[in-house]
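Report on the structure given below.
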Amino acid sequence: MFNKPMELSAALAANLDAAYPEVVRALQGQVFSTARQLLGNRHDAEDAAQETFVRVYRALSRFSTERILDLRIRSYVWTTLINVCRNQARSSRRHPQTALEVDHGFVDPGSTGVEASATWGPRLARLPERQRTAVVMHHVAGLPYVEVAEALGVPVGTAKADVHRALARLRTMIETEGEVA
Amino acid sequence: MIDTVAVALEGLRFEAPEELFTSVMIETGLADGYASMRTSIGDAWVAFNGLGVSALVPVGTIDEMELGDVTRRPAHSRPMPEPLADRVEEALRSGRSQRVPFDLRGLSDFARAVLAKTAEIPPGQVRPYGWVAREIGHPAAVRAVGTALARNPVPILIPCHRVVRSDNTVGQYAFGPDRKVRLLEAEGLDVGGIMGRQHARFVGSGTTRIFCHPSCARARRIRPEYRHEFDSEAEAFEAGYRPCRICRPI
């Protein structure tokens with residue numbers, strides 16, 4: 001369902017309440033996984049993903065039909081998510097007791113999730129914010145560069161460069177860890 | 001060369017928890033949550049979403065699974081968020097629901113006006129259907145008021161049980177007249193002493209020369225020796241009384 005962005009916007013414009021659940025279903029995995037890596041723990045990620053989808057719905061319900069038809073809904077969701085994650089990261093820095101609740105034990109049946117999250121979380125956390133966001137959106141969520149660039153509000157070339165720099169840094173981190181071990 | 005870092009990052013993509021979808025649907029009002037709460041006539045299912053309370057159904061009058069039919073949205077059993085639960089419990093205790101947010105989407109403007117006016121009737125007091133009609137600016141729409149109240153999605157919280165017939169009888173109730181009487185008695189209304197055709201429609205005070213609905217708080221303070229009963233407003237006017245500005249009997 002909704003393979004083309006146009007179909008999605010048209011469905012939302014025709015009947016927001018009927019089409020919105022499909023938007024959530026289509027994007028929730030990517031949105032949650034991104035928030036999970038940007039915020040470092042599952043609980044905050046669930047909150048951020050929920051807030052993102054609720055905010056987008058409330059915005060859409062205020063928009064005119066024309067505006068929804070013109071809207072790139074996916075990129076609107078991603079921009080909202082980045083803002084929500086930024087705000088949440090800021091408020092958890094202000095309230096350090098919640099920041100301590102970082103769960104490194106992430107259980108996901110059928111995958112090596114526990115180990116993966118535990119080792120990658122701290123590495124991603126050491127990247128500059130925009131590089132981290134870009135690499136998570138491109139490689140974790142699997143978004144094309146165009147969508148990453150749109151959500152970050154930068155040219156496509158810049159998004160690509162951010163992703164590559166982030167990968168290079170992560171590789172260096174792994175090599176250094178290898179030497180230590 | 002395969003980029004092992006990129007491959008590892010791909011492995012960090014997880015399914016969203018199923019709870020996320022349900023929470024988003026409830027918070028946006030595309031679905032309802034429901035929880036069981038205690039009322040003065042027994043337990044009830046209270047349905048809610050991000051906009052407020054959307055339905056109240058006494059347990060036993062409907063199957064839990066049919067709640068979605070009432071609100072025409074999917075319904076999921078879950079605890080009510082604490083801030084909302086506090087307001088609802090306070091409203092069920094006090095009989096005043098002004099602080100409870102309601103989700104009354106799908107109702108006509110007229111029905112919403114009827115319910116908003118009904119919510120102003122204080123606990124332990126009753127007003128006729130005609131009073132509600134007059135107060136919302138549709139004095140002739142007495143029957144339409146009755147219909148709107150019969151379809152009240154949040155009974156008890158929006159006290160449609162406080163609206164009665166102008167001949168002083170209790171009238172109909174969605175869950176039966178017995179429950180209507182029980183609710184009114186639980187709020188402290190002397191149903192036997194005030195309601196019924198044998199009792200006067202209006203009560204006046206000989207000292208102030210003001211006449212009220214019999215259940216108006218002012219009317220209940222009138223000492224027996226100054227208490228006068230009237231069967232019509234004409235009778236009260238003839239005796240030189242003016243209507244109360246608080247309960248606005250006419």
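Readers should treat all values here as calculations from the given coordinates under stated rules, not as data from a laboratory. Nothing here was measured: the structure is a model prediction, and the numbers come from that model. As a convention, Cβ positions derive from the backbone with ideal geometry for all residues, glycine included, and neighbour counts pool all protein chains shown.
Helix B:82-94 and the longest principal axis of the Cα set of chain B meet at an angle near 20°. In this simple spin-label model, placing a label point 7 Å from the Cα along the Cα-to-Cβ direction at both A:Thr158 and B:Asp167 gives a separation of 7.8 nm.
Helix B:177-186 and the longest principal axis of the C-alpha atoms of chain B enclose an angle of approximately 80°.
Only four residue types carry charge here, +1 at the Cβ of Lys and Arg and -1 at the Cβ of Asp and Glu. Report the dipole size of the protein assembly as shown about the Cα centre in Debye, rounded to the nearest 20.
For the protein assembly as shown, the charge dipole is close to 1780 debye.
Given H placed 1.01 Å from N in the peptide plane, which residues other than close sequence neighbours of B:Arg242 have an amide H under 5 Å from its amide H? Those qualifying (amide H under 5 Å, at least 5 residues apart or on another chain) are B:Ile210, B:Phe211. Each distinct pair of alpha carbons in chain B adds a 1/r term; the inverse of their mean, the Kirkwood radius, is 20.3 Å.
In the protein assembly as shown, if the dipole is taken from +1 on Lys/Arg beta carbons and -1 on Asp/Glu beta carbons about the Cα centre, which of B:Ala133, B:Leu183, B:Ile158 is farthest to the positive end? So the residue we want is B:Ala133. Considering only beta bridges that DSSP places wholly inside the protein assembly as shown, some 70 percent are antiparallel.
Within chain B, B:Cys160 have no other Cys Cβ under 4.7 Å of their Cβ and so lack a disulfide-compatible partner by this rule. Using the Cβ of B:Glu90 as centre and a radius below 10 Å, the other residues enclosed give a net charge of +2, where K and R count +1 and D and E count -1.
A viscosity of 0.692 mPa s and a temperature of 37 °C, combined with the Kirkwood radius over C-alpha pairs in the Stokes-Einstein formula, give the protein assembly as shown a diffusion coefficient of 127 µm²/s.
Between A:Asn15 and A:His43, the FRET efficiency estimated from the beta carbon spacing at R0 = 56 angstrom works out to 0.95. For the range B:215-232, the residues whose amide N sits under 19 Å from a probe point set 7 Å from the Cα of B:Ile250 along the beta carbon direction are B:215-216, B:219, B:228-232. For a paramagnetic label modelled on A:Thr119 (point 7 Å from Cα along Cα→Cβ), amide N atoms under 19 Å away belong, within the range B:4-43, to B:4-14. Within chain B, DSSP assigns beta bridges of which about 70% are antiparallel (rounded to the nearest 5). Here the Karplus curve 6.51 cos²θ - 1.76 cosθ + 1.60, taken at θ = phi - 60°, turns the phi angles of the range B:239-244 into couplings of 7, x, 9, 10, x, 5 Hz, with x standing for Gly and Pro. Across B:Pro159, B:Pro81, B:Pro128, mean-square fluctuation computed from a Gaussian network of chain B (C-alpha pairs under 10 Å connected) peaks at B:Pro81. May I ask you to list the trypsin sites (Lys or Arg not before Pro) in the range B:132-234 that are in a DSSP loop and have at most 11 other Cβ atoms within 10 Å of their Cβ? When the trypsin sites (Lys or Arg not before Pro) of the range B:132-234 are filtered for loop state and at most 11 Cβ neighbours within 10 Å, B:Arg197, B:Arg221 remain. As a proxy for reagent exposure, B:Ile158, B:Ile136 were ordered by neighbouring Cβ count within 10 angstrom, fewest first; the result is B:Ile136, B:Ile158.
Among B:Val24, B:Val100, B:Val57, the residue with the largest mean-square fluctuation in a Gaussian network model of chain B, with springs joining Cα atoms closer than 10 Å, is B:Val24. Here the contact order of the range B:163-215, divided by its residue count and restricted to Cα pairs under 8 Å and six or more residues apart, works out to 31 percent. Phi-derived couplings, Karplus 6.51 cos²θ - 1.76 cosθ + 1.60 at θ = phi - 60°, listed residue by residue for the range B:52-60: x, 7, 10, 7, 9, 9, x, 4, x Hz, with x used for Gly and Pro. Here B:Lys117, A:Lys160 are placed in order of increasing Cβ neighbour count within 10 Å, fewest first, which gives A:Lys160, B:Lys117.
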